[in-house]
Amino acid sequence: MNPLNHVAIIMDGNGRWGLKYKNSRNAGHKEGLKAVERIIKVSIEQKIKFLTLYAFSTENWKRPKKEITYLFNLLQKFLTDRLEDINRQKIKIKILGYKRFSLKLNRLLNLAEKKTCKNTKLQINLALNYGSKTEIIHALKKISKSNCKINENNLEKFLQTKNIPDPDLLIRTGSTQRLSNFLLWQLAYSEIFFEKKLWPAFNEKDYKKIIKKFKNIKRNFGKI
Ligand code: IPE
Ligand code: IPE
Ligand code: MG
């Protein structure tokens, strides 16, 4: 059985779910938060150590301002309400992506990282304003200015995922089968599951089913 240390998730389908059931894309984002809570709970039960959640891509800035504002307000409210509890559960929060938000949200994100930095139960990497191509370009710029030789190991030290093992498993909900600029380097050998359900509908059972399948895959890493 494969050990499962790191799960990465592209939480896609909020907008479609919201439009279908509540006639509002934003309602889908709100409901999507409930799925986040469910998946965190199962991740802890399953003794997963790293959970990386794609919450906002560098390309998502192309959306209507109203939706972007709603999303960040939702995140702000979630962190304000839940940070104490997250810390109590020994969850560590790390932000992947550059913090280019409102002063208030930037501060809150820094606080969440600082407050939880010593926690060891589960590390949640929240990919926010994250884009893999930008991450790789920045890493290349930094490594070329350093004294490090350019090789795989050294380059990884300059990625935002420094000290985080590569995902074992990638799940994308919402039925589209693409990576949308997510962890292009780090997913080189991950097992990928595309799930038809929209993110707000994704539940404990769906997640556990994928984990079970993942555990039985023969992972070759080039060997036979
Ligand atoms: C994913 O759901 C969440 C974010 C990108 C913030 P979407 O908002 O992309 O939902 P769909 O794909 O439009 O249904
Ligand atoms: C990917 O979903 C980004 C997040 C889930 C945060 P998108 O809905 O933005 O992806 P595309 O644009 O359909 O590929
Ligand atoms: Mg989408």
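Applying the set (1) closer than 27 Å to Ile137 by Cα; (2) away from ligand 3 (no atom under 14 Å from the Cβ); (3) assigned to a helix (DSSP H, G or I); (4) not polar (S, T, N, Q) to Leu51 leaves exactly one unmet item: (3). Does Asn60 satisfy the condition of being in contact with a strand residue (DSSP E or B) (Cβ under 9 Å, 6 or more places away or on another chain), more than 19 Å from Phe194 (Cα to Cα) and within 16 Å of ligand 3 (Cβ to nearest atom)? Taking the combined requirement at face value, the residue satisfies it.
Only one entry in Lys162, Lys212 is basic (Lys, Arg) and more than 23 Å from Ser132 (Cβ to Cβ), namely Lys212. A search for C-beta distances below 8 Å between a residue of region 71-94 that is at positive phi and in a loop (DSSP other than H, G, I, E, B) and any residue that is open to solvent by 30 Å² or more (accessible area, probe 1.4 Å) and of a type outside the set (A, V, I, L, M, F, W, C), counting only pairs 6+ apart in sequence or on different chains, returns Lys90/Thr120; Lys90/Lys121. Tell me which residues, restricted to region 162-174, are on the phi > 0 side of the Ramachandran plot, touching a Phe, Trp or Tyr at 6+ places or on another chain (Cβ under 9 Å) and more than 10 Å from ligand 3 (Cβ to nearest atom). The answer is none; no residue qualifies.
May I ask you to say which residue of Lys66, Lys22, Lys62 is surrounded by 14 or more Cβ atoms within 10 Å (Cβ to Cβ) and over 23 Å from Lys90 (Cβ atoms)? It would help to see each step written out before you state the result.
On the way: Lys66 fails: surrounded by 14 or more Cβ atoms within 10 Å (Cβ to Cβ); Lys62 fails: surrounded by 14 or more Cβ atoms within 10 Å (Cβ to Cβ).
None of the others qualify; the one that does is Lys22.
Of the residues in region 152-159, not one is within 16 Å of ligand 2 (Cβ to nearest atom) and not acidic (Asp, Glu).
Within region 95-108, can you find the residues that are touching a residue at least 12 places away in the same chain (Cβ under 8 Å), outside any loop (DSSP other than H, G, I, E, B) and open to solvent by 60 Å² or more (accessible area, probe 1.4 Å)?
Initially, region 95-108 is screened for residues touching a residue at least 12 places away in the same chain (Cβ under 8 Å), giving 95-102, 104-105, 108.
Now narrow it down to the ones that are outside any loop (DSSP other than H, G, I, E, B): 95-96, 104-105, 108.
Correct list: Lys104 only.
Does region 159-173 contain at least one residue that is away from ligand 1 (no atom under 16 Å from the Cβ), free of Cβ contacts under 8 Å to residues at least 40 places away in the same chain, part of a loop (DSSP other than H, G, I, E, B) and open to solvent by less than 60 Å² (accessible area, probe 1.4 Å)? Scanning region 159-173 turns up at least one residue that is away from ligand 1 (no atom under 16 Å from the Cβ), free of Cβ contacts under 8 Å to residues at least 40 places away in the same chain, part of a loop (DSSP other than H, G, I, E, B) and open to solvent by less than 60 Å² (accessible area, probe 1.4 Å). Can you tell me which residues in region 196-224 are within 20 Å of the chain's Cα centre (by Cα) and either part of a loop (DSSP other than H, G, I, E, B) or among the polar types (S, T, N, Q) (or both)? Residues satisfying the conditions are Lys196, Lys197, Leu198, Phe202, Asn203.
The values are calculated or read from the model by the stated rules, or taken from the named source; none is laboratory data. Please read these numbers as outputs of a predicted model, since none were measured by experiment. Don't worry about glycine lacking a Cβ; one is built from the backbone with ideal geometry, like all the others, and counts go over all protein chains shown. To get the accessible areas, we keep the full protein, side chains included, count just its heavy atoms, and leave off ligands, DNA and RNA. Shrake-Rupley method; radii C 1.70, N 1.55, O 1.52, S 1.80 Å.
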